[in-house]
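The values are calculated or read from the model by the stated rules, or taken from the named source; none is laboratory data. If you're wondering where the values come from, they're calculated on a predicted model, not measured in any experiment. All Cβ positions, glycine included, derive from the backbone under ideal geometry; neighbour counts span all protein chains shown. Surface areas here come from the heavy atoms of the whole protein model, side chains and all, with no ligands, DNA or RNA. Shrake-Rupley method; radii C 1.70, N 1.55, O 1.52, S 1.80 Å.
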Amino acid sequence: MFSRTAAVLGKVGLPASLRELATRTWDAVIVGAGHNGLACAAYLARADKRVLVLEARERVGGACTVEEPFPGVYMSPCAYLAGLLHPLVVAELRLAERGFQWTPAVNGLFVPFLDGSSIQLWDDDAACEAEIRRFASGDVEGWRAMNDVIRRLRDALRPEGDRDMWIGDAPTQEQVDERLGSDDEAKHLLYDWSMAEFVERYLRDERLQSAYLGQGVIGTNASPFDPGTASIRFHHASGRLGGMPGMWGYVQGGMGMVSFYLCDAAHEAGAVVASGVPVARIIPGDGVVLDGGERINAPVVISNADPRRTLAMLGETADATWQTRVEGVPIEGCTVKLNVLLRELPNFIARPGTDAPHHYAQINAPLTHAEWKAAFAASRQGELPEHLWCELYFQSVHDSTVAPAGLHTMSVFAQYVPYRFTDGTWMTRRDEVKRLAFKSLARFCSNIDSAVMDAQVLGPPDIEQNVGLTGGHIFQGECLPPFMGAKRLSARTPMQGVYLCGACTHPGGSVIGINGRNAAMAVLHDLNKRS
């Protein structure tokens, strides 16, 4: 099916003059056209509400969009894999009919080590168990038990169907604990284990432990030795996209296509989406004021912006208690994203070759336990570590449409980097960060220097400026246990007619879409109640 949004790479522009838009009658204005804002718009418009979406940037999608960082190369600036996109959103908004296709990453996670060994943790249990048996035979039973507690927790909290606790208002801890019953292991995984505690409980081989440590801190400004980080591993393993529990995969055309299809759904339902229109102020119960001074009236405003930006737009009208809560959520990012153009795929010393099964997997350049601790400490002090943990993805091996023939894309998601340097700035030290990332990969790859043609480096301030995420935090604030479930910000705010729909709300960060649906359902419930 033709996507009108994809045809212009998300640059939808102005559907009418600002003067005309300001004269129309709107039931709701959505601030920000990230994927959750677009999902929210689609649901509200399907309920016959008159909806206007205003995006400050020229392109819709926020952190989940498609750009052309190099001529003829199409990549998402931040988001890279689909896994937590909610099946309900996919079905109800008919994303598959609109063109949504994805390739499950069944090749799992490949991890090379400095001693020349390596492991490929296949998504197929039988294949993965055979690999574990070859690599660390004494850990087979522990590996089974580790995966089993994740499965039990996912089945308890996120069963298929309408009992999924991601749908609707966030559950209380009492409701969660009722589901978990006497499963103490599941409770520890959800509430308090560090990622290090989690892997060390089940695995003995230190290399195998290290292979998993990064999965507990993805996008999280915490060390894998910090309490609660194991819950990050569970969060990212809790999806059911395509009826495949815990599976991740590559979206045809790039991750930003998800946002483009959601924009198409919103358009089809009757919503109006305008890009290049920054909002200066939110007026509770009355609408918004644009940067140019134009006023657009609406009784409901739903912010897809992060909570700090929403707070700034509310100004003195913000509820004081709510403001304190927003300011209490850590929102300083620690990740750097490199979008890289390659003339050939990396040649891993542990498994030579430039077109092998592991290139179709996620790939980690791991750190030792000591390196993890040192890297986090350096970042917290405003310094660069000696090595970065890097996670790699090659969209081009699954999707030939994203790069010219013979070339490849590589997404590098790495941490830890400081938001602010003790000495210098991201402008003066960007090349140093790029060299550090490639040096970290060169420990495991023999051809990084010759394979790289060009690279775009996005540190936390770049993500903040380019995408609009305060602190460069990709989840609009930490997803650790103190900030999840009923402790996460609600779609409803104390301000009249003001709602949130972004990753700062339940169930948290990643490309999920259910945050937007939850917000729309809250708005519709409240409007029906008032009427």
Handout entry: Rg and Dmax [Cα atoms of region 446-487; Å; Rg one decimal, Dmax integer]
Key = 16.2, 50
Exercise for the section: Take the Cα pairs of region 476-516, get the Kirkwood Rh, then feed it into Stokes-Einstein at 37 °C and 0.692 mPa s and tell me D in µm²/s. Expected result: 316 µm²/s
Practice task
Using only the C-alpha atoms of region 61-195, find the volume of their convex hull and express it per residue in Å³.
Solution key: 196 Å³
Practice task
Express in Å², to the nearest 10, the accessible area of Met427 obtained by rolling a 1.4 Å probe over the protein heavy atoms while all chains stay in place.
Solution key: 150 Å²
Problem - Set of region 482-502 residues, backbone N closer than 19 Å to the point 7 Å along the Cα-Cβ line of Asn297 - result: 496-498
Practice task
Specify the inter-centroid distance of region 302-350 and region 476-531, based on alpha-carbon positions, in whole Å.
Solution key: 16 Å
Exercise for the section: Check the chain and count each lysine pair with an alpha-carbon distance under 21 angstrom, considering only pairs eight or more places apart or from different chains. Expected result: 6
Problem - Principal axis dimensions, region 379-420 - Cα atoms, whole angstrom, descending - result: 43, 16, 13
Practice task
Place the peptides 219-227, 15-23, 40-48 in order of packing, highest mean first, counting for every residue the other Cβ atoms within 10 Å and averaging per peptide.
Solution key: 40-48, 219-227, 15-23
Practice task
List the residues of region 384-406 whose backbone N lies under 18 Å from a point placed 7 Å from the Cα of Arg435 along the Cα-to-Cβ direction.
Solution key: 384-388
Exercise for the section: Summarise the long-distance tail of P(r) for region 1-82 by giving the % of C-alpha pairs beyond 22 Å. Expected result: 31 percent
Exercise for the section: Pop the C-beta distance of Arg343 and Ala126 into the FRET formula with R0 = 25 Å and round what comes out to the nearest 0.05. Expected result: 0.10
Practice task
Assuming a ≥ b ≥ c are the square roots of the Cα gyration tensor eigenvalues, decide whether region 383-531 counts as rounded (a/c under 1.5), prolate (otherwise, with a/b larger than b/c) or oblate.
Solution key: prolate
Exercise for the section: Rank these by accessible area, largest first, 1.4 Å probe: Glu386, Glu97, Glu371. Expected result: Glu386, Glu97, Glu371
Completion exercise
The value for the chain (convex hull of the alpha-carbon atoms, volume per residue, Å³) is 139 Å³
Completion exercise
Dividing the mean separation of Cα pairs under 8 Å (6+ apart) by the residue count of the chain yields a relative contact order in percent of 24 percent
Problem - Per residue solvent-accessible surface (Å²) - region 185-311, probe of 1.4 Å - result: 28 Å²
Problem - Whole-angstrom Cα spans of region 213-290 along principal axes, big to small - result: 46, 31, 21
Handout entry: Förster-model FRET efficiency, 35 Å R0, Leu18 and Asp319, C-beta, rounded to 0.05
Key = 0.75
Fill in the blank from the handout: Inter-part gap, Cα centre of region 104-130 to Cα centre of region 32-85, in whole angstrom, is 33 Å
Exercise for the section: Pop a pseudo-label 7 angstrom from the Cα along the beta-carbon direction at both Gln496 and Thr354 and give the gap in nm to one decimal. Expected result: 6.5 nm
Handout entry: Percent accessible area from carbon and sulfur atoms, the chain, protein chains only, probe 1.4 Å
Key = 49 percent
Practice task
Please calculate how many Å² of accessible area region 1-51 carries per residue, with a 1.4 Å probe and no DNA, RNA or ligand atoms counted.
Solution key: 45 Å²
Handout entry: Extension gain (nm, one decimal) between Arg380 and Glu327, 0.36 nm per residue minus Cα-Cα
Key = 17.1 nm
Completion exercise
Here D for region 256-299, in µm²/s, from Stokes-Einstein with a Kirkwood Rh over Cα pairs at 4 °C and 1.567 mPa s, works out to 108 µm²/s
Practice task
Starting from the Cα of Thr368, step 7 Å along the direction of its Cβ; do the same at Arg204; then give the gap between the two resulting points in nm.
Solution key: 2.2 nm
Problem - Mean residue ellipticity (222 nm) of the chain, computed from DSSP H runs ≥ 4 via -39,500 (n - 2.57), nearest 500 - result: -10000 deg cm²/dmol
Exercise for the section: Could you tell me which helices of the chain pass both thresholds, a Cα extent of 18 Å or more along their own axis and a mean Kyte-Doolittle hydropathy of at least -0.5, with helices taken as whole DSSP H runs? Expected result: 140-157, 256-269, 514-530
Exercise for the section: First select every other residue whose beta carbon is under 13 angstrom from the beta carbon of Pro87; then total the charges, Lys and Arg +1, Asp and Glu -1. Expected result: 0
Practice task
Give me the distance between the Cα centres of region 203-230 and region 379-441, rounded to whole Å.
Solution key: 19 Å
Problem - In nm, spacing of pseudo-spin labels at His525 and Ser450 (7 Å Cα→C-beta vector) - result: 6.1 nm
Problem - Rounded accessible area per residue of region 381-491, 1.4 Å, Å² - result: 37 Å²
